[in-house]
Amino acid sequence: MRCHWASALLGAVCAAIALGASAQTARPAAGVALDLASRRAAVVSDLRYDLSLSIPDRVSEPVEGAVDIRFQLKGASSPLVLDFATSREHVHAVEANGRPTDFDFVNGHIVIPASALSVGANALQIRFRAGDPPLNRHEDFLYTLFVPARARESIPCFDQPDLKGRWTLRLEHPAAWQSVANGPEAERVQAGGRTRVRFAETPPLPTYLVAFVAGQFKVETGVRNGRTMRLFHREPDAEKVARNVDAIFDLHATALEKSEQYTAVPYPFDKLDFVAVPAFPFGAMEHAGAIVYTADDLLLDKSASQAALLNRAHVIAHEVAHAWFGNLVTMRWFDDVWTKEVFANFLAAKIVTPSFPGMNHELRFFLDHYPGAYAEDRTAGAEPVRQPLANLADAGSLYTAIIYLKAPVVMRHLEALLGEESFRDGLREYLRDHAFGNATWDDLIRVLAPRAPIDLAAWSAAWIDAPGRPTVRTELQAANGRVTRLAFRQKDERGRGLVWDQRLKVAIGSTAQPKTVDVLLAGPVTEVEDVRGRAAPAVVLPSAGGWGYGDFVLDRASTENLLRALPRIDDPLTRGSAWVTLWDAVLGERIAPARFFDLGLTAVAVERDQQLAEQMLADLTTTWWRLLTPQQRTARAKRLDATLRRGLAAAPTATRKAAWFRALYRTTITAATAQWLHEVWAQRVTIPDLPLAETDYTRLALELAVRQPPGWRDILDTQANRITNADRRARFEFVRPAVSADAAERQRWFAALKSVENRRQERWVLEGLTYLHHPLRAAGSRQFIRPSLDLLEEVHATSNLGFPASWVYATLSGHNSEAAAEIVRSFLNSQPPDYPKHLRNATLAAADMLFRAARIANRADGRAPAQRSNARLHSPSAFGTANPGEGYAMTESLASGVGAKR
Ligand SMILES: [Zn+2]
């Protein structure tokens, strides 16, 4: 409810609420509550910030600042609340309209008394000490990261997306530093060992998009289509920069051009710079005019995989597309954050496709989105695409695989329903109507509804407002070698009676070359009339075409034929669809993991498509560590090594070799291969046509250390000395105690994480946790699970968005025992009823693979399942698996900076 309490039309009810609201305003809750934000948005307009910050030479000294906030106010009968989630001591002085003001400091807010304000123009001047956490300060650089509502932890502001302001930024910093911000540089003066920079006023921006970066950076300049762009980076390897820099500028230029064409709106901001930050907590962040990327995502190694090249193109296109979706038109509240993410991804897919000719883009879209979306959506912790959000303090929990991976699938289905042009025209209208303003999903539905052939509100209720996916069962009957009936039955396993109507592309016929039949899945049962009387098929695959979204339960013959002959399927997209469907069947306990593993090893050995081979290797790695028993692993260890070594030798390119090599060093448990890897690491053996970079040797050293060969400590010492890049060296030094063979050293490393200071480098923490909980160390690291879960609330309160979920994933990534599963269940059961729902769900999602693994292991042992302590965790709806960077695969995704979060 939005109560316009200052308007002249107050009825009795609204007036009563207004009184309550005023009282609340004087004591605002912590965070940024929806009711506070709604009231402020109703009365504050024409907002301008003039922000000055002085960054000292030493990181130990505080950043001092002043901000001049000007705005129009509709009513001045209530106190005005600013957000500044620091402490009272951080506020030096507040002036309102030229006079010193007696303000209150309440729950991280500065409350200005109504008596100091006037209707119409107001100006506040605040001198303050900036809060450090969102400034990410290092010895010789810093970068801001204010998303989703963390500007308030550093500077006083109205920290909500629908109070957009024009920002002028003045920085003072060490003379040798570079700096970049949203606006173009207007003035730069050097004096007394310091540099003063003023950045020109920006167009209206929400606080979460405001950013600056300052420090020891090198600057590369590129001109494309008459536009000058700059890349700021800290990479000392000049050859690495030279190898990447043109591609980086080209990719940005292409993304800009294609976005302008699609939206019919020129790039809305004055300039575009980008910064490569080492160990940035997300893939990237779309700060208007100053995008920040994870350095490793932009500056790729020579052996970068196809996936890494694509990821780079996609991340760049995604961030550039945000200039329109998110930056130009912003969600009114973070419950609609998914809209900007889905359209950034949607547009990115259109941008990237033509840049990689010769690549199967349908297969790429399918593999990039479906497995990751399913990994979350099949779990008991799955959230809907659109989630209600009462306070921005919890906005971080909205950034899930669902909004990045499921929402684009949903949007592609919607585009298919409306038609490409009609959908595009709707988006153009939406962008024009709300330029430099805010909009909601309902605003978009209003634009699209007249163009849609179906009831969009009903469609939205299942696809957008509810978690989960349908189970779609094939019902196939045949007699005398002819089909007598084919139907698909969809069911909501969570018992809500939802239907997910959608178009299906059904592959039907021989295993090698099935034909595709279009079927509109509508309502609970869909009969397919026009196949009746045809020859009984070897395979019916309703998930074909990389299109249908659900858990597809195949008929028995189709399952058997695919398990026997999957590699014989000609079309890669059909093969990929079948692979993902079989993986669902493994997790649904319809196929034994060992059988799937054996099929996979045969299939990957002959897989011609690089993308699919990488997906297979990832799923095989997960199956290997999480779902096979130790005996099953031992029995297959030599065959696994041999298959991977053969793949490595036969792969035609360095990129493809790298994928095989990674799979080998992540999975091997044989002494012979460990010895060979040691020789490779020691550079006594080279792998023909696979150049290894320093980062490869670092990963290899850590993997070797976990396997504890003689002299493991020397390996780590030598590797530390090999690392020339100071940032990477610091990361290595941080992580290495987590791989130590000395249990006491690992304990100390974990204990140190209890202090927030040791959790600031979030990627380092996640990498260390993943090694700490390496499957080979699972029995010894089980003791850390409960303390990690107990810390979760505090981790949530002190970290960037997405980190709490990643924290749990990393913690559980190496475990598959009933004992570990019981620790998680017992933790969840012992929480009070008001334990934050998003943390409970994040835990359930992260634990999903563990629960399944424990259940499957019990079954393989022939033991009765352990006593179930919580029925909810084991109800049919509790089925699920994990993250895109799931399980042990996470080491790689972290190390290469490829993550679901952007
Ligand atoms: Zn994004």
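Some points to look at:
- Here Glu257 passes the criteria (1) of a type in the set (D, E, K, R); (2) within 16 Å of the ligand (Cβ to nearest atom); (3) out of contact with any Pro (no Cβ under 9 Å at 6 or more places or on another chain) except the one numbered (2).
- The stretch 120-137, residues that are over 19 Å from Val63 (Cβ atoms) and surrounded by fewer than 22 Cβ atoms within 10 Å (Cβ to Cβ): Gly120, Ala121, Asn122, Ala123
- Among the residues of the stretch 127-164, those identified as in contact (Cβ under 8 Å) with a residue 40 or more places away in the chain, outside any loop (DSSP other than H, G, I, E, B) and out of contact with any His (no Cβ under 8 Å at 6 or more places or on another chain) are Pro133, Leu135, Arg137, Phe141, Leu142, Tyr143, Ala151, Arg152, Glu153, Cys157.
- Matching residues in the stretch 735-772 - criterion: being surrounded by fewer than 21 Cβ atoms within 10 Å (Cβ to Cβ), farther than 20 Å from Ala805 by Cα and touching a Phe, Trp or Tyr at 6+ places or on another chain (Cβ under 7 Å): Pro737, Ala741
- Matching residues in the stretch 55-94 - criterion: being assigned to a strand (DSSP E or B) and of a type in the set (Asp, Glu): Glu64, Asp68, Asp83
- When the stretch 223-282 is filtered for residues that are assigned to a helix (DSSP H, G or I), more than 28 Å from Arg731 (Cα to Cα) and basic (Lys, Arg), only Lys258 remains.
- Residue pairs whose Cβ atoms lie under 6 Å apart, sitting 6 or more positions apart in sequence or on different chains, and linking a residue in the stretch 810-824 that is farther than 12 Å from Leu776 by Cα to a partner that is aromatic (Phe, Trp, Tyr), are Ala821/Phe851.
- Positions within the stretch 653-695 being in contact with a Leu (Cβ under 7 Å, 6 or more places away or on another chain), over 24 Å from Asp727 (Cβ atoms) and touching a residue at least 40 places away in the same chain (Cβ under 8 Å), in sequence order: Ala654, Lys657, Ala659, Trp660, Ala663, Thr667
- Residues that are modelled with pLDDT under 90 and more than 16 Å from the ligand (Cβ to nearest atom), drawn from the stretch 399-417: Ala416, Leu417
- Residue count, the stretch 464-495 (criterion: part of a strand (DSSP E or B) and not polar (S, T, N, Q)): 14
- Listed conditions (1) under 21 Å from Ala308 (Cα atoms); (2) modelled with pLDDT of 95 or more are all met by Glu614, apart from (2).
- Hey, Arg786 buried (at least 21 other Cβ atoms within 10 Å of the Cβ), at pLDDT 95 or above and touching a helix residue (DSSP H, G or I) at 6+ places or on another chain (Cβ under 9 Å) or not: no
- Which listed residue, of Leu812, Leu801, Leu776, is of a type in the set (A, V, I, L, M, F, W, C) and touching a Leu at 6+ places or on another chain (Cβ under 7 Å): Leu812
- Test: residue in the stretch 32-54 that is part of a loop (DSSP other than H, G, I, E, B), at pLDDT below 95 and in contact with a strand residue (DSSP E or B) (Cβ under 9 Å, 6 or more places away or on another chain): no
- Any pair with Cβ under 8 angstrom, 6 or more apart, that starts in the stretch 570-594 at a residue that is over 13 Å from Val553 (Cα atoms) and ends at one that is β-branched (Val, Ile, Thr) and assigned to a helix (DSSP H, G or I): Ala592/Val586; Pro593/Val586; Pro593/Thr623; Pro593/Ile856
- Members of the stretch 742-759 that are within 11 Å of Thr798 (Cα to Cα) and either in contact with a strand residue (DSSP E or B) (Cβ under 8 Å, 6 or more places away or on another chain) or part of a helix (DSSP H, G or I) (or both): Val756, Glu757, Arg759
- Residue count, the stretch 185-222 (criterion: of a type in the set (A, V, I, L, M) and free of Cβ contacts under 8 Å to residues at least 12 places away in the same chain): 2
- Restricting the stretch 66-119 to residues that are of a type in the set (S, T, N, Q) and more than 22 Å from Leu34 (Cβ to Cβ), the residue that is surrounded by the most Cβ atoms within 10 Å (Cβ to Cβ): Thr86
Conditions (1) closer than 26 Å to Pro371 by Cβ; (2) under 29 Å from the mean Cα position of the chain (by Cα), marked per residue:
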{"residue": "Gly481", "(1), (2)": "no, no"}
{"residue": "Arg496", "(1), (2)": "yes, yes"}
{"residue": "Val506", "(1), (2)": "yes, no"}
{"residue": "Val528", "(1), (2)": "no, no"}
{"residue": "Ala535", "(1), (2)": "no, no"}
{"residue": "Leu541", "(1), (2)": "yes, no"}
{"residue": "Phe552", "(1), (2)": "yes, yes"}
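- If you go through the stretch 163-194 and keep only what is of a type in the set (D, E, K, R), closer than 30 Å to Asp35 by Cα and surrounded by fewer than 20 Cβ atoms within 10 Å (Cβ to Cβ), you end up with just Arg166.
- For the stretch 269-291, a residue qualifies if it is away from the ligand (no atom under 12 Å from the Cβ) and either under 24 Å from Val342 (Cβ atoms) or among the aromatic types (Phe, Trp, Tyr) (or both), and the qualifying residues are Phe269, Leu272, Phe274, Phe280, Pro281, Ala288, Gly289, Ala290.
- Candidate set from the stretch 299-353 (those that are of a type in the set (Ser, Thr, Tyr) and in contact (Cβ under 8 Å) with a residue 60 or more places away in the chain); member that is farthest from the ligand (Cβ to nearest atom): Ser303
- Complete set of residues in the stretch 450-464 that are surrounded by fewer than 16 Cβ atoms within 10 Å (Cβ to Cβ) and either modelled with pLDDT of 95 or more or aliphatic (A, V, I, L, M) (or both): Ile454, Ala457, Ala458, Ala461
The values are calculated or read from the model by the stated rules, or taken from the named source; none is laboratory data. As the structure is a prediction and not an experimental result, all values here were calculated from the model. When we count neighbours, we look across all protein chains shown, and the Cβ atoms used for this are built from the backbone with ideal geometry, even at glycine.
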